[in-house]
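Contents: one structure, followed by commentary.
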Amino acid sequence: MSLQAPRGTRDILAPDSARLRALVEAFASAAELAGYGQVVSPMFELIEVFRRVGEATDIVSKEMYQFRDPGDRHLALRPELTASLARAFVQHRPTLPWKAWYEGPQFRYEKPQAGRFRQFNQVGAELFGSDDPQADVEVIALAWRFCTGLGLRKLRLAVNSLGDRADREAYLAALAAYFEGRSAELSAQGRETLGRNPLRLLDSKRPEDRAVVASAPVIDDYWSEAAAAHFGAVLAGLEALGIPFERNQRLVRGLDYYRRTAFELASDALDGAQDAVGGGGRYDGLVADLGGPDTPGVGFALGVDRLLLACDAEGVFPAPSGAADVFVVDVTGGGEATLLAEELRRTGVRVQRAFDGRSMKAQMKAADRSGARWALLVGDDELADGVVSLRRMRGHEATASGESIQRQIPRAAVAAEVARLVAGSTGDGSTQ
RNA sequence: UUGACCGUAGCUCAGUUGGUUAGAGCGCCGGGUUGUGGUCCCGGAGGUCGGGGGUUCAAAUCCCCUCGGUCAACCCA
C-alpha cells in the first residue's frame, strides 16, 4: 500500500460512520433536552488560547499540532474544546448562564494505541456563569444520562474536589513536601513526576509510588469551608438523583484549570490503560485566564471513540441499519431502474439498484444482500405490459396478510403502492 | 519519548533446519439451458509476501533501517 491515512488517524466507513453519527445525535438530543445549545467552533485557534490554559500540561506543551499560516499567524489544531468554548464565551459574552454543547474532532500528537488516536472525537457540554453546585449536578447528570442511555451499564463515576485556587496551592505544597521527604522510596519516574507536578503522582500506577501515595496528605484537609460545602452539595445532589458514584480522593484531571469538582467516567468493559471514557469538572478561573470577566464554569467531555468501544464490549448501541426498503431489478437495460428509483426516492423510500446490466440472478442476489424488503422486477414482459412485478423478499414475509410473494402492479401505481407498504411496515427498521 | 510483540490476497489466517509457477476459508465475479435470491456443485479474478537495503547460487523465511499496527510505561478521551 502506497498512500494511507496518517498515523493515528483513520477512515470511518459506512456502518461505523452511521453509528458515530447516531451517537452524536443521541448526545445532541440529550444536551438540548437540558437546554444546551450547540456551538460549532473552529478546528484551529491562535495558539495562545491553549497556552494560557495549560502551559504545564503535556497536552499543550508537547502534544499540539501547531503551524504558521501564510499570514504568519501561530495556530494550533485544537487539542481540547473547553478552551475554545471559553474563548468563544469571552468573545461573544452571551447572557448567563450560557449552556453550550459541542462535538467534533480534536488533535493530539501522541503515540496511537487502541482507543487513542491523533485525531479523535469528543462530545461535551459546558455551563458558564454559575457557582451553584446544582449546576455541577446538572452537568454530571447529563453525562450520566447520556451514557446510560446508550445502554452502557458497566460505568463507574468517580468524583473529587480539588478545592479552590488557594486550597489547591496549599495542598500542592503539602503534597510536594511530603513526597520530597520520601522521595527515596519513589520510583525513578515517580521522582521525575514529582519535579513536574506532584499532583500527577497521585494516580501513578507503579507499586513503589502507590505505597508512598497511600499515606499522602488528602485534599479534604485543605478545602476551604466554601469548597467543602460546595462539594457536599454536589454529592447530595447526585444522591438525590440516584446516580451512583464513588469518591476518589486521588482523582486529578489532565488539564490544570480544574477547581473544586472533578469527575471521571470509566468503563469496566474496557480493559487496558484506556478505560476512561470521559470526565470534566469545574474551572472557575479559566475565563479570567483568557482575559474575560471572572466567570465560573463547569463542564465535561466524553471520548466518542472510547464510548463506542465500550458499547462494543457491552454489546449495546448497534449501528443503525443501512438496509434499503426496495431493490429495483431491471433486466431491460437499466433505464427503468433509473426512473423507478428516482420516483420512489422522491417519496422518501430508500431504494437500491444494480448497474452494468447484470443478470437477473446477480441482481436478485444483490437485492437479497441489500436487506431490501421488496424487489421491483422489470423485464421485457413487464415493460411490454406496462406493469412491474413486486416481490416480497425472503426473510421479510408478510405478517398476517395473505398477500402473495409476488404480484404485478400497474407501472403508474408503483409509487403509491410502495409508499403504502413502506409506511405499513415500519416495524423492524433495525435489521442488523 | 522508552520497551515488547506483530505486518502474507478485500477480510481472518496457514506457509521456519532459506530451495521449483506463494496456499486455505470467507468475500467478490461467472456458470449449473429458456427472466428470480439462501444452501449445494463447478469455474474464475485477485498478492510489489508493508517498504528499502544487505547476506546467499537461492529469502515470505536470516540481518539492518524504515513505515504501520497492537500492548505497556508516560500521558490521557
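The values are calculated or read from the model by the stated rules, or taken from the named source; none is laboratory data. No experiment lies behind these values; they were computed from the predicted model shown. Don't worry about glycine lacking a Cβ; one is built from the backbone with ideal geometry, like all the others, and counts go over all protein chains shown. We work out accessible area using only protein heavy atoms, side chains counted, and drop any ligands, DNA or RNA first. Shrake-Rupley method; radii C 1.70, N 1.55, O 1.52, S 1.80 Å.
Per the Kirkwood definition applied to all pairs of different Cα atoms, how many angstroms is the hydrodynamic radius of chain A? Numbers along the way, then the final one.
Values: mean 1/r = 0.0396 Å⁻¹.
So the Kirkwood estimate lands at 25.3 Å.
Applying the Karplus parametrisation 6.51 cos²θ - 1.76 cosθ + 1.60 with θ = phi - 60° to the phi angles of the stretch A:187-201, what ³J(HN,Hα) value in whole Hz is obtained for each residue in order, glycine and proline being reported as x?
6, 4, 5, x, 5, 4, 4, 4, x, 7, 7, x, 4, 5, 5
Taking only C-alpha pairs under 8 Å that are 6+ residues apart, what is the relative contact order of chain A in percent? Walk me through the numbers on the way to the answer.
Numbers: 732 pairs, mean separation 65.4, N = 432.
Rounded, it is 15 percent for chain A.
Report the one residue of A:Ala30, A:Ser17, A:Ser61 whose Cα lies farthest in the direction of the positive end of the charge dipole of the stretch A:17-70 (charges on C-beta: Lys and Arg +1, Asp and Glu -1; origin at the Cα centre).
A:Ser17
Take chain A, connect every pair of alpha-carbon atoms lying under 10 Å apart with a spring to form a Gaussian network, then pick out the residue of A:Leu96, A:Leu339, A:Leu85 with the largest mean-square fluctuation.
Among A:Leu96, A:Leu339, A:Leu85, the largest GNM mean-square fluctuation belongs to A:Leu339.
Can you list the HN-Hα couplings for the stretch A:265-270, worked out from phi with the Karplus curve (6.51, -1.76, 1.60; θ = phi - 60°), rounded to whole Hz and with x for Gly and Pro?
Using θ = phi - 60°, the values come out as 10, 10, 10, 6, 7, 8 Hz.
Strictly over 27 Å apart at the Cα level, which of A:Lys111/A:Lys205; A:Lys62/A:Lys205; A:Lys62/A:Lys154 would you flag in this model? If you can, show how the numbers build up before the last one.
Working: A:Lys111/A:Lys205 19 Å; A:Lys62/A:Lys205 22 Å; A:Lys62/A:Lys154 33 Å.
Over 27 Å apart, Cα to Cα: A:Lys62/A:Lys154.
Residue-wise, which Karplus ³J(HN,Hα) couplings in Hz belong to the stretch A:108-116, taking 6.51 cos²θ - 1.76 cosθ + 1.60, θ = phi - 60°, and x for glycine or proline?
My calculation for the stretch A:108-116 gives 9, 7, 10, 6, x, 8, 4, x, 9 Hz in order.
Mind checking the dipole of the stretch A:1-133: about its Cα centre, +1 per Lys or Arg Cβ, -1 per Asp or Glu Cβ, Debye to the nearest 20? Don't skip to the answer; put the middle values down first.
Numbers: 17 positive and 17 negative charges, 83 e Å.
Roughly 400 debye for the stretch A:1-133.
Which loop-located GluC sites (Glu not before Pro) does the stretch A:53-122 contain, where loop means any DSSP state but H, G, I, E or B and the Cβ has at most 10 other Cβ atoms within 10 Å? Before the final figure, lay out each step's value.
Numbers: sites: A:Glu55, A:Glu63, A:Glu80, A:Glu103, A:Glu110; in loops: A:Glu55, A:Glu63, A:Glu80, A:Glu110.
In loop regions of the stretch A:53-122 (DSSP not H, G, I, E or B), the sparsely surrounded GluC sites (Glu not before Pro) are A:Glu55.
Simple spin-label model, 7 Å along Cα-to-Cβ: A:Arg196 to A:Ala184 in nm?
Here the modelled spin labels are 2.6 nm apart.
Name the residue, out of A:Ala22, A:Ala310, A:Ala31, whose mean-square fluctuation peaks in a Gaussian network model built on chain A with Cα pairs under 10 Å.
Result: A:Ala22 has the largest fluctuation of those listed.
Non-local amide H neighbours of A:Thr261 (under 5 Å, H modeled in plane, Pro and chain starts lacking H): which ones?
Those qualifying (amide H under 5 Å, at least 5 residues apart or on another chain) are A:Leu162, A:Arg282.
Only Cα pairs under 8 Å and at least 6 apart count here; give the relative contact order of the stretch A:168-315 as a rounded whole percent. Walk me through the numbers on the way to the answer.
Details: 169 pairs, mean separation 23.1, N = 148.
Rounded, it is 16 percent for the stretch A:168-315.
Quick one: dipole size for the stretch A:191-323, taken about the Cα centre, charges +1 on Lys/Arg Cβ and -1 on Asp/Glu Cβ, in debye to the nearest 20.
Result for the stretch A:191-323 is approximately 280 debye, rounded to the nearest 20.
Probe radius 1.4 Å, ligands and nucleic acids ignored: give me the carbon and sulfur share of the accessible area of chain A as a rounded percent. Working shown, then result.
Working: 10610 of 20650 Å².
Within chain A, the accessible surface is 51 percent carbon and sulfur.
Say we join alpha carbon atoms closer than 10 Å with springs in a Gaussian network model of chain A; which of A:Gly291, A:Gly315, A:Gly395 then has the biggest fluctuation?
Residue with maximal mean-square fluctuation among A:Gly291, A:Gly315, A:Gly395: A:Gly395.
Using DSSP to define loop residues, name the GluC sites (Glu not before Pro) in the stretch A:319-407 whose beta-carbon has at most 13 other beta-carbon atoms within 10 Å. Walk me through the numbers on the way to the answer.
Values: sites: A:Glu336, A:Glu342, A:Glu343, A:Glu382, A:Glu397, A:Glu403; in loops: A:Glu397, A:Glu403.
Passing sites in the stretch A:319-407 are A:Glu397, A:Glu403.
Tell me which residues come under 5 Å, amide H to amide H, from A:Glu80 once H is placed; ignore anything under 5 positions away on its chain.
A:Phe107
Which of the three applies to the stretch A:1-101, rounded, prolate or oblate, going by the alpha-carbon gyration tensor with a ≥ b ≥ c and a/c under 1.5 meaning rounded?
oblate
Assign one of three labels to the stretch A:108-240, namely rounded, prolate or oblate, based on the Cα gyration tensor with a ≥ b ≥ c the square roots of its eigenvalues; rounded applies when a/c is under 1.5, prolate when it is not and a/b is larger than b/c, and oblate otherwise. Provide the component values of the computation, followed by the final result.
Details: a/c = 2.13, a/b = 1.26, b/c = 1.68.
Here the stretch A:108-240 falls in the oblate category.
Please give the Cα centre distance for the stretch A:180-243 versus the stretch A:322-352, rounded to the nearest Å.
Comparing the Cα centres of the stretch A:180-243 and the stretch A:322-352, I get a distance of 62 Å.
Mind pulling the per residue volume of the convex hull built on the Cα atoms of the stretch A:254-313? Å³ is fine. Can you show the working numbers first?
Numbers: hull volume 4.9 nm³, N = 60.
Measuring per residue, one finds 81 Å³ for the Cα hull of the stretch A:254-313.
So what's the back-of-envelope 222 nm ellipticity for chain A, counting only DSSP H runs of four-plus at -39500 (n - 2.57) apiece and dividing by all residues, rounded to 500?
Values: 15 runs with 165 residues, N = 432.
Here the helix-only value at 222 nm equals -11500 deg cm²/dmol.
What angle do you read, to the nearest 10 degrees and between 0 and 90, between the alpha-carbon axis of helix A:304-314 and the longest principal axis of chain A?
It is inclined by approximately 70 degrees.
Using 0.36 nm per residue of separation minus the Cα-Cα distance, give me the extension gain between A:Ala5 and A:Ala419 in nm, one decimal.
Values: separation 414, 0.36 × 414 = 149.04 nm, distance 4.18 nm.
Gain in length upon complete extension: 144.9 nm.
Restricting attention to the stretch A:337-414, which trypsin sites (Lys or Arg not before Pro) occupy a DSSP loop and are surrounded by at most 13 other Cβ atoms within 10 Å? Mind dumping the intermediate values first?
Details: sites: A:Arg345, A:Arg346, A:Arg350, A:Arg353, A:Arg358, A:Lys361, A:Lys365, A:Arg369, A:Arg373, A:Arg391, A:Arg392, A:Arg394, A:Arg407, A:Arg411; in loops: A:Arg346, A:Arg350, A:Arg358, A:Arg373, A:Arg394.
Those satisfying the criteria are A:Arg346, A:Arg394.
How large is the accessible surface per residue of chain A, computed with a 1.4 Å probe and reported in Å² as a whole number?
Values: 20650 Å² over 432 residues.
Solvent-accessible surface per residue comes out at 48 Å².
What shape does the stretch A:57-155 take by its C-alpha gyration tensor, where a ≥ b ≥ c are the square roots of the eigenvalues and a/c under 1.5 counts as rounded, a/b above b/c as prolate, and the rest as oblate?
Details: a/c = 2.67, a/b = 1.25, b/c = 2.14.
Verdict is oblate for the stretch A:57-155.
Charges at C-beta only: +1 for Lys and Arg, -1 for Asp and Glu. How large is the resulting dipole of chain A about its Cα centre, in Debye rounded to 20?
Details: 52 positive and 59 negative charges, 172 e Å.
Here chain A has a charge dipole of around 820 debye.
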